[in-house]
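J.: Below you'll find the structure I mean.
The values are calculated or read from the model by the stated rules, or taken from the named source; none is laboratory data. What you see is a predicted model; the values in this text were computed from it and never measured. Every residue, glycine among them, receives a Cβ derived from its backbone with ideal geometry; neighbour counts consider all protein chains shown. With ligands, DNA and RNA removed, areas are computed over all heavy atoms of the protein, side chains included. Shrake-Rupley method; radii C 1.70, N 1.55, O 1.52, S 1.80 Å.
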Amino acid sequence: MRLLLVVLLDGLAYAAWLFLVSAGLTFTYGVLRVLNLAHGNLYALGAYLGATLLLHYAASGSEVAATLGLLLLAAVIIGILAGPLIERVFLRRVYSRDEEVQLLLTFAISLILEDVTKLIWGVTPVVADMPYTSFGSVRLGGISYPWYPFLLVGVALGLAGFLWFVVTHTRLGKVLAAVIADREVSATLGIHVPRVYTFAFTAGAILAALGGALTAPMFSLVPGIGADVLVISFAVIAIGGLGSIGGAAVGSVVVGLARSAAVYFFPELDLFTIYLIMTLVLLFRPQGLFGEIEIRRI
Amino acid sequence: MNRYRKVLAGLLAAAGLSLFVATAKADPPAGAPASLKIAVVAFLSGPASGPFGIPARNAADVWIEKINREGGIGGIKVIPVFTDEAGPADKVVTEFRRLALEEKVAAVVGYISSANCLAVAPVADELKELTVFGDCGTARVFEEGKHAYVFRTNAHTVIDSLGAARYLLAMKPDVKTIAGINQDYAWGRDSWEIFQRSMRQLKPGVQVVDVLWPKIFAGDYSTEISKLLVEKPDVVFTSFWGSDLVTFSRQAKARGLVEQSIVLVNNTGSDIKDIPATVLIGSRGPGPIAPPDVEKDPLHQEFIQLYKAKYGLAPNNYIAHGAYHFTQALQGLKVAYESAIKKAGRWPTTEEVAAALAYSTFDSPAGIIQMAIGNGHQAIEPAPFAVIKQDPAIGAHVFTEIRSFPAACVNPPDGMKSLDWIDRGFPGAKC
Amino acid sequence: MSVLLETVGLTRFFGAVCALEELNLCIHEGDMVGIIGSNGSGKTTFLNLVTGYLKPARGCILLAGRDITLLSPRQITRLGVARSFQIPQLYLNLTVMENLLLALAARSGRVGLWARLHRQNWMREGQEILKQFNLDRYGEQRVAELPEGARKLLDIALAVALQPRLLLMDEPTAGVSTQDKFAVMDTLVSTLRGSSITTVFVEHDMDVVRRYSRRALVFDQGRVIADGEPSAVLTDAGVKRAVLGHA
Amino acid sequence: MGGSLRFIPFLLLGLALITAPFVLSGWVLFLLTVAGAKALAVLGVVLLLRAKLLTFGHALYYAAGAYAAGLGVKYLGLHNGFALIGLAFVAGLGVSALLGLLVIRYRGVYFALLNLAFSMVLYGILLKFYSVTGGTDGLAFPAPTFGLIGLSEASLRAQLYELTLFLGSLLFYLTYRFFASPAGYVLFAIRDNEVRVAYMGISVNAAVYLGYIIAGGLAGVAGVLVGLSVGHITPDLAFWSQSGEFVFVAILGGVGSVFAPVVGSILFEFVRNYAFELSPYTWQMTLGAALLLIIFFLPGGVWSLVGLARTRSGP
């Protein structure tokens, strides 16, 4: 029973992380129908900048709670810098071209960002763990947990709720829905579609960077973290259904719990859990748990 | 061009021999090249570059400068060719062929990844290229094959984990339960295999409660740590290094794992400040953790000073052996060349240098190196271990309880495979 | 005449909208049937259901007595049902001839991976078909460079090249100018007359249906509201209102 | 008359390639061998790209081929080069036939990333089953034998080169025939319009499956040829960056011709070997920038320059 609780707690913490890193990918895909292969690199940039700000901030030694604000700031800076740049300068030119060209384009950008990160931050691990260690810890199920991962559970829930609210209850959500449903028609309705695209891509970039920034205090940052995150977050959103925020949330929880159970009961399977689930889901529901099949009009 | 230079050098030498004999520090032997090109291969990018590759490259840089300042090898100036080890095996082998066939280097020093050593060794034999491995750990290189042109002037990985077992029992003789958490790749698997087999021999009855295999550079170990906290083993053995060890250390400290269990790291490769106090750590061969005899070695002191002067940091800034291992390789080459010159009375052939290096003994910044096993192609080294302690006086982490197990205690004898030697109860070990 | 195609209680919804309701229909061998109706009356849905592109909510489809309801478009095509499309469905980056050669290869059932696509007998037959459709001057052009009208004809040619038992055409004259309309249909009908192909075509032009079909079906809001000899059916006031929106 | 003359450049090129070992340095020869072998895997990527199927996991079959042969050496004691190549080919075909059942239902991003995920699973398996695969340390490929022809160490490189040349030429010719066949054209047709393909009574899935298996088999052979040349294989063969490299080379060369992958592959290997040394930190950036330039300014790849030159100079 106590073991079950621990498995659950670890699984939830991992699920929160999964959701934070995959929300941006599925959001961007949902609106633009472009899978951003540079997602992992935006994540890495957010993480590095977040860590840098933390290190800077820790040196001046102020409030601990404000560190979260710093991490958010890092995500926004990266998103605002990279998002419009990538969308306006590059992506915009290939919307009319084939899907594989769009993938190649984001792949090219991912290669470039990988080295940009290396040029700025080098190859030695960057460590900035203030929030992780200084938020204190709590005893649950007889063992000690730091607060920070549970804080992330809260942030993930909050983010999921916020995105749900924006999509379903705001004017912006309606605009997005219109653009998703039909680009041309929404343009005739007076929606400035290119602006919506820039906005949506930037929002996705901020989300990606936020995932990274919030993770930074838990991990040490090294070159190559972006690629792993891309594959993992793709698996999560493929399970949930590409473009579905709710799907990403459910996918995260499923994978998080399964992976935690695997570490406890079948440690050798740890690496494969996520892919096993993905394969199973796609075998029986190719469009993912919450995805919809599109029928082409002929 | 080369031949022209050689002829010219020969003529000059013949004509001016009597004039220069008094002033020249060391006359180049007959048939010597104008310069000695040595390739230095290490990770300059990727996750292994920070803790291992860059320090190793820098160490080779300062050590070659020192060798040249003191007259070069056999009176010939050494010209280093630095290249990056990163990339898949086919790229690494292509690069090795380029160094041997296009750059025509006299010797290749380096390689940190075991996979690259295994890939390069047969090619070195094929191309008859003298190759001295600078860091890689796997025992397979000389236990599974004979390589006439390949040497390794540092100990192989057996000392990391056998040393860890011996150190653990020295520090905590009454250990009852152990758990392992190792990166899921070849070296992590090797480390655990050697450690648990050694423990089984040294203290039968010790129980292995769990072995965890997170993937390399996984970045998050909180679930694994929860499990270790639930299981409460006396000792947690880990082969983590670099960024993985840093992350694991931080999470383990925050969660109280360090207080609950003894954490034992066999081969550190991270900054001492990132590892919590009370953790037991080791390093492959002396260097960053230096027993008294190595500490006193003038080469050790000189190396630290040279490195600091050029790169601003001590070479053991990272508790990584790479930096020391590359100087060992260069030192071994220098000594071998010079003894081969002495024996031949002219510039030696590659085969003569190889013969001189086999079963040789030489001094290095990591102390005395003996090329004792693997047909004289594989060095043995002592295994130094320590406990990390916070020193309030200087406000930083320091090593305490330094202990070094003699080379003959932690290395198998010549001609015996490591795992057989362990399973047979370390016959011939001198501790 | 024997029944070639029969639908029994065929029903299909799009969300809450009923696109086709309880359709019971028989098409006889050798017939030339024109289906007419306003936009959204269920004409194209009917073709999509018969050819397996959509699956019905209820009901079944029989081809020469065989139930084909759950078969895929490919399987139904292999059973001898070919169709053309309202918006031409072509291989834009292949030449006109290559489009046609693929249809011929498909018909022969020899989509092999060794012998060439451009083989002599297929090329000859392809030339003939192109001639019939007045497309022979476009043979070596990429479809992407073709004018709209020629694309429409090629789309139909690809279906005819399969030599089906049943040919379904979705608005063969849509996008064709008024003066060319009859020319296109004349070409088609003369090509089809020599064969034993049963033809069903969907149209919204009353004149075309009146002139070329032997039987007219009128669809309105998912149901057949009239069925019979074209001149009789199309003069009905209710039909006119349904098709044209006014009487 | 003109028809027979057209073969002369090919004949000369063939002669030059066959006699290359007597002229070129060992390093260049080795590079050409590796580039030629990898071109086979790239050809598979190109084949799939013809049907608009972009894969970021093709290294899966490359590694499957290499490891099938590597395990053949380790456990079956196979040393015959032809047997090893056969084994790799079958492994490439077999694994792609199995996974193909799942992935052929997908297009676009799903196809690209499902392949990526599967290749990462293989990568994980190769790491996991350490005692079988040697983990990251990899497996050794001792010098192979070729039936009755005994191989001396000295001539091994030249023989491997010739083997790669002949086997590669054969497979390229077969693929060329495939591209010209109805089944090959169906891939093009799928690229343009899957609906019409189905309405011709042609099975889209079967065509994609066939293409996928052929691409898998080609990659399998590429894997074993590279393994034999390098002498050692590691799980990196299955890593995503290897797949990314194949895609890059495919786009660099272009998908217009079976020759394009060879041109792209050789160009890539040489540039990589120099550029990597010049600046290891900006290597990927260079690749990315090159890819952007190709996407925007040279969508047909380097091969389209050949076509351009031909139309400008030709009658």
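J.: As I understand it, the dipole of chain A uses +1 on the Cβ of Lys and Arg and -1 on the Cβ of Asp and Glu, about the Cα centre. Which of A:Leu73, A:Ile239, A:Ala187 lies farthest toward its positive end?
T.: Looking along the dipole axis, the top candidate is A:Ala187.
J.: On to the next question. Over all residues in B:56-67, what is the mean tally of Cβ atoms on other chains that come within 10 Å of each residue's Cβ?
T.: Across the residues of B:56-67, the mean count of other-chain Cβ atoms within 10 Å is 0.
J.: Give a quick list of GluC sites (Glu not before Pro) in the range C:139-247 that DSSP marks as loop, anything other than H, G, I, E or B, with at most 14 other Cβ atoms within 10 Å.
T.: Passing both the DSSP loop test and the Cβ count: C:Glu140.
J.: Need one number: % antiparallel among DSSP beta bridges in chain C, to the nearest 5.
T.: 55 percent
J.: Same structure again: Which value, in nm² and rounded to one decimal, describes the direction-averaged projected area of the C-alpha convex hull of chain B?
T.: 21.1 nm²
J.: Under the definition of Cα pairs under 8 Å and six or more residues apart, what whole-number percent is the relative contact order of chain B?
T.: 17 percent
J.: If you roll a 1.4 Å probe over the heavy atoms of the protein chains, what accessible area per residue do you get for the range A:118-262, in Å²?
T.: I get 36 Å² per residue for the range A:118-262.
J.: Here is a further query. Only bridges whose two residues both fall in the range C:124-247 count here: according to DSSP, what percent of them are antiparallel, nearest 5?
T.: The antiparallel fraction comes to roughly 50 percent.
J.: Can I ask one more? When the dipole is taken about the Cα centre of chain B, and only Lys, Arg (+1) and Asp, Glu (-1) are charged at their Cβ, what size is it in debye, to the nearest 20?
T.: The dipole of chain B has a size of about 600 debye.
J.: Treat every Asp and Glu Cβ in chain D as -1 and every Lys and Arg Cβ as +1, leave all other atoms uncharged, and give the resulting dipole magnitude about the Cα centre to the nearest 20 debye.
T.: Result for chain D is approximately 740 debye, rounded to the nearest 20.
J.: A further question on this structure: Cα-Cα pairs above 18 Å in the range C:170-247: how many percent?
T.: 43 percent
J.: Also: When the chain is fully extended, how far beyond the present Cα-Cα distance does A:Leu283 get from A:Leu157, taking 0.36 nm per residue of separation?
T.: 42.5 nm
J.: For the range C:90-163, what is the Kirkwood estimate of the hydrodynamic radius, computed as the reciprocal of the mean inverse distance between distinct Cα atoms, to one decimal in Å?
T.: Computed over Cα pairs of the range C:90-163, the Kirkwood hydrodynamic radius comes out at 12.1 Å.
J.: If one computes P(r) from the Cα atoms of chain A, what percent of pairs lie at distances over 37 Å?
T.: In whole percent, the share of Cα-Cα pairs in chain A beyond 37 Å is 14.
J.: Once the Cα gyration tensor of the range D:26-239 is found, what semi-axes does its equivalent ellipsoid get, as square roots of 5 times the eigenvalues, in whole Å, sorted largest first?
T.: Calculated on Cα positions only, the semi-axes equal 31, 20, 13 Å.
J.: In addition: Where nothing but the Cβ of Lys and Arg (+1) and of Asp and Glu (-1) is charged, how large is the charge dipole of chain A around its Cα centre, in debye to the nearest 20?
T.: Dipole of chain A, to the nearest 20 debye: 620 debye.
J.: Also, quick follow-up: log₁₀ I(q)/I(0) of the range D:188-315 at q = 0.18, 0.19, 0.20 Å⁻¹, via Debye over equal Cα point scatterers, no solvent, to two decimals?
T.: -1.18, -1.24, -1.28
J.: Hand me the trypsin sites (Lys or Arg not before Pro) from the range C:7-114 located in a DSSP loop with no more than 14 other Cβ atoms within 10 Å, in residue order please.
T.: Listed in order of number, the matching sites are C:Arg110.
J.: Take the Cα radius of gyration of the protein assembly as shown and divide it by 2.2 N^0.38 Å, with N its residue count; two decimals is plenty.
T.: Rounded to two decimals, the normalised Rg is 1.06.
J.: Just to be sure I understand: with springs between alpha-carbon atoms less than 10 Å apart, which residue in D:Gly94, D:Gly220, D:Gly253 has the highest mean-square fluctuation in the Gaussian network model of chain D?
T.: Sorting by GNM fluctuation, first place goes to D:Gly94.
J.: Have a look at B:Val150, C:Leu168, B:Gln328 and report the one farthest towards the positive end of the charge dipole of the protein assembly as shown, computed about the Cα centre with Cβ charges (Lys/Arg +1, Asp/Glu -1).
T.: About the Cα centre, the residue reaching furthest to the positive side is C:Leu168.
J.: Would you mind checking the range C:179-219 for residues with the amide N under 13 Å from a putative spin-label position 7 Å along Cα→C-beta of C:Glu229?
T.: Within reach of a label on C:Glu229: C:214-216.
J.: Another question, then. As an exercise, identify the GluC sites (Glu not before Pro) in the range C:5-51 lying in DSSP coil whose Cβ has no more than 16 other Cβ atoms within 10 Å.
T.: C:Glu29
J.: Can you tell me how the range B:166-290 classifies by the Cα gyration tensor, rounded, prolate or oblate, using a/c under 1.5 as the rounded cut?
T.: rounded
J.: Once every DSSP H run of n ≥ 4 in chain C is given -39500 (n - 2.57) and the sum is divided by its residues, what mean residue ellipticity at 222 nm do you get, rounded to the nearest 500 deg cm²/dmol?
T.: Dividing the helical sum by the residues of chain C leaves -10500 deg cm²/dmol.
J.: For the range A:79-157 and the range C:53-81, what is the centre-to-centre distance using only Cα atoms, to the nearest Å?
T.: For the range A:79-157 versus the range C:53-81, the Cα centre distance is 50 Å.
J.: Could you state the number of Å between the C-alpha centres of the range B:185-223 and the range B:288-302?
T.: 31 Å
J.: Now for a separate question. Report the percentage of all Cα-Cα pairs in the range A:1-104 whose separation exceeds 20 Å, rounded to a whole percent.
T.: Roughly 55 percent, rounded to a whole number.
J.: To continue, here is another question. Mind checking how much accessible area D and A bury in total, 1.4 Å probe, in Å² rounded to 100?
T.: 4000 Å²
J.: Relative contact order for the range D:54-176 using alpha-carbon pairs under 8 Å, separation at least 6, rounded to a whole percent?
T.: This gives 32 percent for the range D:54-176.
J.: Oh, and also: Please report the base-10 log of the normalised intensity I(q)/I(0) for chain C, using a Debye sum with one equal scatterer per alpha carbon and no solvent, at each q in 0.07, 0.17 (1/Å).
T.: For chain C, the Cα-only Debye profile gives -0.23, -1.32.
J.: Next up: How shielded is A:115-127 by partner chains, expressed as the average number of their Cβ atoms within 10 Å of its Cβ atoms?
T.: Counting other chains' Cβ atoms within 10 Å and averaging over A:115-127 gives 6.
J.: In peptide D:34-46, how many Cβ atoms from other protein chains are near each Cβ within 10 Å, on average?
T.: So the per-residue partner count for this stretch is 1.
J.: At 7 Å along Cα-to-Cβ for each site, give me the label-to-label distance between D:Leu76 and D:Phe259 in nm.
T.: It is 3.7 nm.
J.: Let me ask something else about it. So for the range C:90-163, averaging the separation of alpha carbon pairs under 8 Å that are six or more residues apart and normalising by length, what relative contact order in percent results?
T.: 49 percent
J.: Suppose only helical runs count, i.e. DSSP H with n ≥ 4. What mean residue ellipticity at 222 nm does that imply for chain B under -39500 (n - 2.57) per run, divided by all residues and rounded to the nearest 500 deg cm²/dmol?
T.: Value at 222 nm, helices only: -12500 deg cm²/dmol.
J.: Hey, how many Å between the Cα centroid of the range C:123-180 and the Cα centroid of the range D:263-282?
T.: So the two Cα centres are separated by 50 Å.
J.: When Lys and Arg each count +1 and Asp and Glu each count -1, what net charge do the other residues less than 14 Å away from C:Tyr138, Cβ to Cβ, add up to?
T.: -1
J.: Which angle between 0 and 90 degrees, to the nearest 10, do you get for helix B:54-69 versus the longest principal axis of chain B when only C-alpha atoms count?
T.: That works out to roughly 30 degrees.
J.: Hey, if you drop one equal point scatterer on each alpha-carbon of the range C:116-156 and run the Debye formula without solvent, what base-10 log of I(q)/I(0) do you get at q = 0.16, 0.17, 0.29, 0.33 Å⁻¹?
T.: Here log10 of I(q) over I(0) equals -0.40, -0.45, -1.06, -1.17.
J.: Now, a different point. Listed here are the pairs D:Lys74/D:Lys128; B:Lys215/D:Lys128; B:Lys310/B:Lys334; B:Lys91/D:Lys52; C:Lys55/C:Lys152; which of them are more than 19 Å apart at the Cα?
T.: Flagged as over cut-off: B:Lys310/B:Lys334; B:Lys91/D:Lys52; C:Lys55/C:Lys152.
J.: Can you find, among D:Ile18, D:Val73, D:Asn273, the residue farthest towards the positive end of the dipole of chain D? Put +1 on the C-beta of Lys and Arg, -1 on that of Asp and Glu.
T.: D:Ile18
J.: Hey, another quick one. To the nearest 500 deg cm²/dmol, what mean residue ellipticity at 222 nm is calculated for chain D from DSSP H runs of n ≥ 4 alone, each contributing -39,500 (n - 2.57), summed and divided by the residues?
T.: -25500 deg cm²/dmol
J.: Of all the accessible heavy-atom surface of the protein assembly as shown, with the other protein chains kept in place and a 1.4 Å probe, what percent is carbon and sulfur?
T.: 63 percent
J.: Right, another one. Treat each spin label as a single point 7 Å out from the Cα along the C-beta direction, and report the B:Glu102 to D:Phe129 distance in nm.
T.: Between B:Glu102 and D:Phe129, the label points sit 3.7 nm apart.
J.: If you don't mind, another one. Taking every DSSP beta bridge that has both residues in the protein assembly as shown, what percent is antiparallel when rounded to the nearest 5?
T.: 45 percent
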